Amino acid sequence: MAYKKVKFTNPQGIQLVGKLEFPLTQKPEAFAIFAHVFTGNKNLLAAKHISRALTLNGIAVLRFDFTGLGESGGEFANTNFSTNISDIIAASDYLAEHYTSPKIVVGQSLGGAASVFAADLIDSVQAVATIGTPSEPEHVTHLLQSKLDEIEKEGEAEVMIGERTFTFKKQFIEDLESKDMFAKVSQMDKALLILHSPQDSIVTIDHAAKIYHAAKHPKSFVTLNNANHMLTNKNDAFYTGTVIASWVKRYIEIEEDERLSTDKQVVVRIGDQNYTTEILAGKHGILADESEAYGGNDFGPSPYELLNAALGACTAMTIKMYAAQQGWEVEEVKVHLSYANSYKTDCTNCTEENSKIEEFELVIDLVGNLTLEQKQTLKEIASKCPVYRTLTGNAIFKTSLS
């Protein structure tokens, strides 16, 4: 299963909509909740690519829309910071009922602040990661600055954020001001990772410093250099997710389980992210992709680059193995490869369908105390590697639908 659309109800009886994404394992190592940015939604680029990095590392992720945003029900005007917290707790309750309780909460911007407060109320959560998060929740009121007097006088006002208009009520401001982030983070008994960009112009990096100094150990800080507040560069977002995935495994309890969700050697999955493709080979996760020029995200090698890599790795291993058996001194083997569809040498029938041949070019670089004769022998041995023989043999493909 790649992902599923889920619906659950918050304490106010409002239906929230989320997307639960699974890793390529029979059973995820852990479940995480992702809380999106202020006035954002679950489908923003950062949310997608952070979730992808986590699922590639065996962590299932539930990202959902807060009340009144995205596909979730309710009126945004009736929400506040407290309802954001209760929405995260509702997401946790859904996971606990249908799967297993979450061990991780990841939040971006104000969603990060809400994650800290919610995690304190969710016993199963062992680690929290915040991204570009303000040290005081009321920091977001700077976005309402021009309408604060109107909100105070009239009780509410409409504010343009991005390209959308939102209604903010006085209770929203009062609720933010009632929350003490420093007190909460200083007594939180969870591992905390703070990720922030020095170039963040929306929530400046001094907020990260204040959170870090207030928090107890274990705590960590990672600089997202040159990233913007929204992580609109997909490489920044994917890097952020990869860092979180690596960090979090030191602080959560992971149950060992059979990773493959197939009885075959390799399983491959592609979803809605253009050509970005997840590969699980044994217990090793890899990404394949196409370049941006071909509509991909360029997060991994292309299929033909992977084919070249398989042939090159097999060639290098075969040479190294043979040299070791002979007692020859080979310090290093490099294999440079290219693949192309080329015209046959004579090209007498270039317009015919079979006039092209598939051509692999291998250049082998051997480093070691070897004679010319030994190098020549190792070159010949290269063609004995199993992948080489498979490509030049008569492989049979048996394709079926599951």
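The values are calculated or read from the model by the stated rules, or taken from the named source; none is laboratory data. Since this is a predicted model, take the numbers as computed values, not measurements. Glycine also receives a Cβ, built like all others from the backbone with ideal geometry; neighbour counts cover every protein chain displayed.
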Quick one: which of LYS320, LYS283, LYS234, LYS264 is assigned by TED's automatic domain parsing to the domain that holds PRO134 and of a type in the set (Lys, Arg)?
-> LYS234
Of the residues that make up region 139-148, is at least one under 17 Å from HIS36 (Cα atoms) and either in contact with a Lys or Arg (Cβ under 6 Å, 6 or more places away or on another chain) or surrounded by 21 or more Cβ atoms within 10 Å (Cβ to Cβ) (or both)?
-> yes
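Could you count how many residues in region 97-130 are of a type in the set (Phe, Trp, Tyr) and either buried (at least 24 other Cβ atoms within 10 Å of the Cβ) or under 28 Å from HIS142 (Cβ atoms) (or both)? It would help to see each step written out before you state the result.
The first filter runs over region 97-130 and keeps only residues of a type in the set (Phe, Trp, Tyr), leaving 99, 117.
Now restrict to residues that are either buried (at least 24 other Cβ atoms within 10 Å of the Cβ) or under 28 Å from HIS142 (Cβ atoms) (or both): 117.
The total comes to 1.
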Show the residue pairs that are 6+ apart or on different chains and have beta-carbon atoms under 7 Å apart, the first residue being within region 40-57 and farther than 8 Å from PHE238 by Cα and touching a residue at least 24 places away in the same chain (Cβ under 8 Å), the second being acidic (Asp, Glu) and not in a helix (DSSP H, G or I).
-> ASN41/ASP65; LYS42/ASP65; SER51/GLU21; THR55/GLU21; LEU56/GLU278
Of the numbered conditions (1) assigned to a loop (DSSP other than H, G, I, E, B); (2) of a type outside the set (Val, Ile, Thr); (3) at pLDDT 80 or above; (4) closer than 28 Å to LEU192 by Cα, TYR239 fails exactly one; give the number of that condition.
-> (1)
Considering every residue within region 322-329, establish whether at least one is at pLDDT 95 or above, surrounded by fewer than 18 Cβ atoms within 10 Å (Cβ to Cβ), at positive phi and not acidic (Asp, Glu).
-> yes
Filter result (of a type in the set (Gly, Ala, Ser) and crowded, with 18+ Cβ neighbours inside 10 Å) within region 155-189 = ALA157
Which one is nearest to HIS49 (Cα to Cα), of the residues in region 281-313 that are free of Cβ contacts under 8 Å to residues at least 12 places away in the same chain and of a type outside the set (A, V, I, L, M, F, W, C)?
-> ASP298
Please enumerate the residues belonging to region 279-294 that are buried (at least 18 other Cβ atoms within 10 Å of the Cβ) and either part of a loop (DSSP other than H, G, I, E, B) or charged (D, E, K, R) (or both).
-> ASP289, GLU290
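Being in contact (Cβ under 8 Å) with a residue 40 or more places away in the chain, buried (at least 22 other Cβ atoms within 10 Å of the Cβ) and either farther than 18 Å from VAL243 by Cβ or not hydrophobic (A, V, I, L, M, F, W, C) (or both) is the requirement here; does GLY70 meet it? Explain how you work it out, then say what you get.
On the way: in contact (Cβ under 8 Å) with a residue 40 or more places away in the chain: yes; buried (at least 22 other Cβ atoms within 10 Å of the Cβ): no; either farther than 18 Å from VAL243 by Cβ or not hydrophobic (A, V, I, L, M, F, W, C) (or both): yes.
No.
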Kindly establish whether SER86 is hydroxyl-bearing (Ser, Thr, Tyr) and at pLDDT 95 or above.
-> yes
List every residue pair whose Cβ atoms lie under 6 Å apart, where the two residues are 6 or more positions apart in sequence or sit on different chains, the first residue falls within region 375-397 and is in contact (Cβ under 8 Å) with a residue 12 or more places away in the chain, and the second residue, located anywhere, is among the polar types (S, T, N, Q) and surrounded by 15 or more Cβ atoms within 10 Å (Cβ to Cβ).
-> ALA382/THR315; CYS385/THR315; CYS385/THR318
